[in-house]
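What follows is one structure encoded as structure tokens, with my remarks underneath.
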Amino acid sequence: MPKSRSSLVVLLILAVGALTLAACGAQSTPATSAPDVDLAQQTQQVPVEGGGSYTDVSAVGLAAMLENKDFSLINVHIPYAGEIEGTDLFIPYNEIEGNLDQLPADKDARLVVYCRSGGMSAIAARTLVELGYTNVWNLDGGMIAWKQAGYPLVDKER
């Protein structure tokens with residue numbers, strides 16, 4: 001192979017390697033800040049049997065919402081497995097109904113629930129809608145999705 005051609009191959013390999021490293025690094029970096037996030041693209045409505053719905057929100061969407069927090073953030077996972085900074089309440093997903101005194105009296109107040117993987121919080125979200133809450137949000141994928149998006153969890157074991 002001529003010398004100039006082998007130099008071109010080496011440069012091409014280096015360029016592909018650099019792009020691969022850049023792409024891998026981008027995946028572990030938290031997503032963009034709130035001004036760049038279109039919340040509508042980060043959410044999905046989930047109907048609840050019997051009427052009403054809640055909103056699934058991605059980790060990127062929740063991170064944007066937390067920059068101007070105007071809601072109650074509720075960890076419903078049992079047992080304790082860490083939390084997202086800014087969490088207001090800990091109510092086990094299966095004890096929502098028995099802890100209504102901890103929730104806002106205004107049934108239109110925004111409530112965001114999360115758990116480790118999204119299963120327990122989906123149950124909690126459905127329960128809240130069935131109890132008459134109209135502005136319920138659920139972190140889609142839970143703390144696992146939060147960490148995968150590059151956001152930190154804190155451990156404040158109580």
Exercise. Does ASN99 satisfy the condition of being of a type in the set (S, T, N, Q) and free of Cβ contacts under 8 Å to residues at least 40 places away in the same chain?
Worked result: yes
Problem set entry | Residue identified as over 18 Å from MET143 (Cα atoms), in the same structural domain as GLY132 (by TED's automatic domain parsing), in a helix (DSSP H, G or I) and modelled with pLDDT of 90 or more among GLN41, GLN45 | GLN41
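The values are calculated or read from the model by the stated rules, or taken from the named source; none is laboratory data. The model shown is predicted, which means the values in this text are computed figures rather than measured ones. Cβ: placed from backbone, ideal geometry, glycine included. Neighbour counts: every protein chain shown.
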